[in-house]
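Read-outs: derived from the displayed coordinates by stated rules, not from any lab. Since we're looking at a predicted model, the values are computed, not measured. Cβ atoms come from the backbone with ideal geometry, glycine included; neighbour counts cover every protein chain shown.
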Amino acid sequence: MNDEARNRHDAAGTNTAPLPVLKKYYESESERRPFVSALFDNAAEHYDWVCGMGSLGSGGFYRRWVLTRSGLRVGMKFLDVATGTGMIARGATRILHEPGAVVGLDPSGGMLREARKTLAIPLVQGTVEELPFADGHFDFLCMGYALRHMADLGVAFRECLRVLKPGGRVLILEITLPRSPLGRRFFRVYFEKVLPLITRISTRSANAELLMKYYWDTIAHCVPPDMILGVLKSSGFVGIERRVRGGLLSEYLGLKPA
Ligand SMILES: C[S@@+](CC[C@H](N)C(=O)[O-])C[C@H]1O[C@@H](n2cnc3c(N)ncnc32)[C@H](O)[C@@H]1O
């Protein structure tokens, strides 16, 4: 764990924030959530386009593929936490063939509005920190590219554990910085400079450009994978593993004890 990550723990060692306060965007921890909500609300209409440019292969196909690879099967009840415009939920409905088996949750009204354009599934407004579902309700829970927006990973993961059935599975998808210095340099130039510029020119939206700038800063400042694995473990998950695709796409898997 690096110093920056270590400093995010409080005296009792229980604060597991994935990011420091990013003063470039908001002044204090309490301002993070309203900032993030407004960010996604305002850029929702551009999200799918921006995601296509910035996801480095983690588009609809990859999302569906990773759900299958991670054990999503017909008959399961699936929760897509931080569903956004529903890219993961769409993949899940194609695997499960039953719209009622898939539920999407997101705090952003704007993102949910976009999701409703293509998805006929229950879409619930809420946050991972307080999931509005009964204990032991789902077989499979996925949270894609949202971990960086949580205030406290421990709170989020314990809530995920609560709503899973015994033996249920969690899958967290995230972007990770490449290990090689050259890869990191390329990634930085692309995400920090090139992508926001292309986004601004193509969408003519300052909100979409801001989303891309924030995207880069959250990836650059996110806690390292070891800490994410550690918090999954301390939250009560077992059988935890991390798979990495192309050095960039991380898949964190865990099971609720049977
Ligand atoms: C980058 S988008 C990911 C959307 C989708 N999962 C995907 O794979 O494209 C991140 C989403 O996380 C949501 N989010 C932010 N804070 C959240 C929280 N505390 N609980 C649940 N979702 C949150 C945002 O509203 C946004 O829709």
Within a Gaussian network of the chain (alpha carbon springs, distance under 10 Å), most fluctuating of Cys51, Cys222, Cys142: Cys51
Selected from Phe157, Leu119, Phe40, residue furthest toward positive end of dipole (the range 19-173; charges at beta carbon): Leu119
Antiparallel DSSP beta bridges within the range 123-258, percent to nearest 5: 70
For Pro257, net neighbour charge (Lys/Arg +1, Asp/Glu -1) across residues whose Cβ lies under 15 Å away: +4
Full-extension gain in nm, Phe61 to Arg158, via 0.36 nm per residue minus C-alpha separation: 32.0 nm
Near-label residues of the range 124-142 by backbone N, under 15 Å of a point 7 Å along Cα→Cβ of Asp41: 125-127
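Nearest 20 debye, what's the magnitude of the dipole of the chain about its Cα centre given +1 on Lys and Arg Cβ and -1 on Asp and Glu Cβ?
840
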Of Ala208, Ala38, Ala92, the one that fluctuates the most in a GNM where the chain has Cα springs shorter than 10 Å: Ala38
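Given the chain, what percent of its DSSP beta bridges are antiparallel, to the nearest 5?
45
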Charge dipole (debye, nearest 20) of the range 154-252; +1 at Cβ of Lys and Arg, -1 at Cβ of Asp and Glu: 140
